[in-house]
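Okay, structure first, notes after.
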Amino acid sequence: MRGHPRRRTSPVTSKQPAVTAGAAPLVTIAIPTYNRAATFLPLALKSALAQTYDRIEVLVADNASTDTTEQLVRGWSDPRLTYHRHARNVGPEENYNYCLNHASGDYFLLLHDDDLIDVDFVAACIEAAHYASTAALVRTGIRIIDEHGRVLRHARNEVRDDGSLADFFRAWFSGKTRWYLANTLFNTRRLKQTGGFHSPYRLAQDGFAIARLAPFGRAEVAEIKASFRLHRNEQTFARPVAPVQWGLEWLRLLDFMCELVPAEEAPLLRREGARFFAKLTYHRAASTLHSPWQRLMAYYEIFQLFRAHCLPCPDLPALRSITRAVRCALRG
């Protein structure tokens, strides 16, 4: 990935909203982007600038794109919009944290350049937070869309904001809520204090960030107010990462979750979490590996990694026989 050296910081306009005493919270919507000027970036940017809540700033952090990203963003004449182009590609995690470190809002949304938010996303979140800057997380329901914007499935947020931390984590495992960046508003100060976006294998930064802030208080919005786009060029599928590495990352996240909850609640959380993350890892293998043999070997590694907490979905004839044999062995 190559970039052209240019001005380090280059705002579209120097005018930016300022936080004033007694004012409603300022929200930073950050869009890290790379080479999507001709596809999804215009839609993500439009959704950010179309918010009905007016105290926002929008920061586009261009990770040294080689397409027309700069021309596209500079074509928007909006005093709330700031553009920065990195001189070289710094990688996703560094770009996320650049956005966070340059956010001046009380709340922070990291909106991937292929995702969308509804026009009232920020308004609904700030209302749920009672127009205060004290909630550590504000979350909504989410819809999954394809590359053409067609809805694949809906997922309301069925979590209560007065539930326990363990209940919040287990709600993710049971499908009552979905953890995505597009439907999560972070308290900027808290997120900076806890180290921003980072994780052991640089894969599940969103999950670690949500888990770190969850103990400090949440506000939950049941309605669906954001869209996560699923497509073959999505970062998850584009990066050449072995599925078992995802499993290692998610096990580290599960360890961290168990450290946060009371000791008596940790065993149940660990059992449910192991099954949930094993299924996610099997799904990652099924989605990213095209060779039946590679997929079968990955399933075996995942099975060992999660200590047989969950068996893979038998989507291959050979795997059906292996699955039946393993089940018989476990029963015997």
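For the stretch 50-142, the per residue solvent-accessible surface stands at 33 Å², with DNA, RNA and ligands left out and a 1.4 Å probe. Backbone amide hydrogens, once placed in the peptide plane, bring R85 within less than 5 Å of S10, D62, excluding anything fewer than 5 places away on its chain.
If you add up the charges near Y131, with Lys and Arg at +1 and Asp and Glu at -1, over every other residue whose beta carbon is less than 11 angstrom from its beta carbon, what do you get?
Neighbourhood net charge equals -1.
For a paramagnetic label modelled on R271 (point 7 Å from Cα along Cα→Cβ), amide N atoms under 16 Å away belong, within the stretch 174-189, to 174. Here the accessible area of the stretch 88-169 is 46 percent carbon and sulfur, with a 1.4 angstrom probe and all protein chains present.
Local charge for P262 was computed over the other residues whose Cβ lies under 14 Å away, with Lys and Arg +1 and Asp and Glu -1, and equals -2. For trypsin sites (Lys or Arg not before Pro), the sites in the stretch 88-189 that DSSP calls loop and that have at most 15 other Cβ atoms within 10 Å are R88, R150, R160.
For the stretch 102-231, report the % of Cα-Cα distances exceeding 27 Å.
12
Based on protein heavy atoms only, the stretch 208-287 ends up with 42 Å² per residue of surface accessible to a 1.4 Å probe.
Convert 25 °C to kelvin, take the viscosity as 0.890 mPa s, use the Kirkwood radius over C-alpha pairs of the stretch 70-151 as Rh, and evaluate the Stokes-Einstein diffusion coefficient in µm²/s, rounded to a whole number. Translational diffusion coefficient: 159 µm²/s. May I ask for the net charge around G141, where only other residues with Cβ less than 9 Å from the Cβ of G141 are counted and Lys, Arg are +1 while Asp, Glu are -1? That works out to +3. Once you sort the root eigenvalues of the Cα gyration tensor of the stretch 36-118 as a ≥ b ≥ c, which label holds: rounded (a/c under 1.5), prolate (a/b larger than b/c) or oblate (the other case)? Oblate.
The values are calculated or read from the model by the stated rules, or taken from the named source; none is laboratory data. Given the structure is predicted, the values throughout are model-derived calculations rather than measurements. Don't worry about glycine lacking a Cβ; one is built from the backbone with ideal geometry, like all the others, and counts go over all protein chains shown. Protein only, heavy atoms only, side chains kept; ligands, DNA and RNA dropped before computing areas. Shrake-Rupley method; radii C 1.70, N 1.55, O 1.52, S 1.80 Å.
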